[in-house]
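J.: Okay, here's the structure, questions in a sec.
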Amino acid sequence: MKRNHFVLIALALVAGVFIIQKVKTSPSDDTPLYYTVEKGKLDFYVYATGNLEAEQSTNVDAPSSVFDRDLRIWEIAITDLVLEGTEVDSGDYVATLDQNMIQEQLTSAEEEMELAYNALVDARLDSNLTLNNKRDAIITAEESVEEKELFLAESKYESPATIQKAKMDREKALRKLEQEKQSYKLQQRKSRTQVMQKEIDYDRKKKRVDKLRNVLQDVIILAPQKGMVIYLSRRGEKRTIGTMVSSYSPTIATLPDLSTMISIAYVNEIDVSQLKPEQEVEMTVDAFPGKKYKGKVVNVANIGQNVSGSDAKVFEVTIKVLSRDKNLRPAMTTNNTILTSSVEDTIYIPTETIFSNDTLSWVYNSNKKTYKQIIRIGAQNESYSIIKEGVKAGDRLLWNHPEGAESLPFKGMDIYEREKADKLEAERKAAKEAEKMRKEKSKVKRDKKNTGGGGMFIIG
């Protein structure tokens, strides 16, 4: 038992010695942390989140027959739709449009057609009746002429006055006959026109009914080819059951070609000027952590879009995925790192090691003695800054303010003076250029005024 106690005590002593030695050799809490300045290549990036899409796809559209102008259907709802991601073959069912809406239109159109048909029948009957009356009037007029001619023939032995009256009665009967014939022709043309109008109206309404009956079959939407159904997305909203489609926007879903994918990303207006086609892109996909894909910028939009609920604008950037992966699917979220430029063989330091006040920027140089070294900053990325003057490769810089930082001396005031002079010179040149442009504009206005209207004309 005692032996076990001795063993435990010995082990405790050894552990204590190790702990004491460890504490002595570890850096104390106030030991400064350094960054050693490097010279090399510094890359600049723009970061953008996007969503995958197929570069090429086939649209599944509502049939154009639904939006025929004669049908007066301006938009129609999707009432059924297969699940997004469903694999379909050519001719397979995809969606159904609102049949009830078309049925209501059909019922109304059939009623209008029936009324038009009744109006046509009435017009034909009225035409026949009116023309029969006109024909009877002609027959009556012809009989009257015969009667007057007979009376004239019988009155040849009568007094001249009687004969003259018989002639006048015959002429009157002839004029009446001619009037009835002309009236018949006019009525015939009028009736023909009226009946033709009714026939045209009936044919138009019947044609609409026939189209609606055919469209009832067209509301069943089938896949035009083999593929995976992806709901169409417009302004962040997907087309699903209940969504309206129209002749101006008939697409219900797409069947993408998954062999070539693109990422549609949006970049703020501050960064978009740095982007151009063919820039390299490294991307990751949220669905596959740890995997990296190569890509390139293929298009940068020229016109920005408003962000909902904000005055900010973003620009659409299209990035082609160069890496092949059969697991990539449309709508997956991508994180895109776009290489915009690189600076070779340059001095750069972490931006965290730079300190500043209203006028100066400096680092804490701690090669031998610590002091505040004034620097001149160049281009910056999200982590590093290029230093034009003030530090060199191998310099050791502090990450944090050292103890007694307020009393440390500044070095490199000449750098500050040069930078200040350069800024003043740049401002002077800008002011000079602005003044030059102002004078040119004033001269143009004066020239226009002098050569414009209002001159004196002398007429010789």
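Condition check ((1) in a loop (DSSP other than H, G, I, E, B); (2) in contact (Cβ under 8 Å) with a residue 60 or more places away in the chain; (3) touching a strand residue (DSSP E or B) at 6+ places or on another chain (Cβ under 8 Å)) across all residues:
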site: Y348; (1), (2), (3): no, yes, yes
site: E352; (1), (2), (3): no, no, no
site: D358; (1), (2), (3): yes, no, no
site: W362; (1), (2), (3): no, no, yes
site: N367; (1), (2), (3): yes, no, yes
site: I377; (1), (2), (3): no, no, yes
site: I386; (1), (2), (3): no, yes, yes
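J.: To continue, here is another question. Of all residues in segment 248-274 being over 25 Å from V88 (Cα atoms) and not in a strand (DSSP E or B), which is nearest to the chain's Cα centre (by Cα)?
T.: Y248
J.: Scanning segment 44-76 for residues that are in contact with a helix residue (DSSP H, G or I) (Cβ under 7 Å, 6 or more places away or on another chain) and either acidic (D, E) or more than 30 Å from K326 (Cα to Cα) (or both), which turns out surrounded by the fewest Cβ atoms within 10 Å (Cβ to Cβ)?
T.: Among those that are in contact with a helix residue (DSSP H, G or I) (Cβ under 7 Å, 6 or more places away or on another chain) and either acidic (D, E) or more than 30 Å from K326 (Cα to Cα) (or both), it is D70.
J.: While we're here: Do we have any residue at all in segment 153-163 that's in a helix (DSSP H, G or I) and either in contact (Cβ under 8 Å) with a residue 40 or more places away in the chain or touching a Phe, Trp or Tyr at 6+ places or on another chain (Cβ under 7 Å) (or both)?
T.: Taking every residue of segment 153-163 in turn, none turns out to be in a helix (DSSP H, G or I) and either in contact (Cβ under 8 Å) with a residue 40 or more places away in the chain or touching a Phe, Trp or Tyr at 6+ places or on another chain (Cβ under 7 Å) (or both).
J.: Which of the residues belonging to segment 46-84 are farther than 26 Å from V285 by Cβ, part of a loop (DSSP other than H, G, I, E, B) and among the aliphatic types (A, V, I, L, M)?
T.: Listed by number, the residues that qualify are A62, I73.
J.: Restricting to segment 192-249, give me the number of residues that are polar (S, T, N, Q), within 23 Å of S65 (Cα to Cα) and touching a residue at least 24 places away in the same chain (Cβ under 8 Å).
T.: Qualifying residue count for the region: 6.
J.: Looking at K388, K420, K411, which is the one that is closer than 22 Å to T351 by Cα, over 53 Å from the mean Cα position of the chain (by Cα) and either at pLDDT below 85 or surrounded by 10 or more Cβ atoms within 10 Å (Cβ to Cβ) (or both)?
T.: Working: K388 fails: over 53 Å from the mean Cα position of the chain (by Cα); K420 fails: over 53 Å from the mean Cα position of the chain (by Cα).
Exactly one of K388, K420, K411 is closer than 22 Å to T351 by Cα, over 53 Å from the mean Cα position of the chain (by Cα) and either at pLDDT below 85 or surrounded by 10 or more Cβ atoms within 10 Å (Cβ to Cβ) (or both), namely K411.
J.: Next question. Out of curiosity, is R124 more than 30 Å from A62 (Cβ to Cβ) and of a type outside the set (S, T, N, Q)? Steps first, answer last, please.
T.: Details: more than 30 Å from A62 (Cβ to Cβ): yes; of a type outside the set (S, T, N, Q): yes.
Judged against the criteria, R124 is a match.
J.: Taking the criterion of being out of contact with any Leu (no Cβ under 6 Å at 6 or more places or on another chain), modelled with pLDDT under 90 and at positive phi, would at least one residue in segment 39-60 satisfy it?
T.: no
The values are calculated or read from the model by the stated rules, or taken from the named source; none is laboratory data. Predicted, not measured: the structure shown is a model, and the values here were computed from it. Cβ atoms come from the backbone with ideal geometry, glycine included; neighbour counts cover every protein chain shown.
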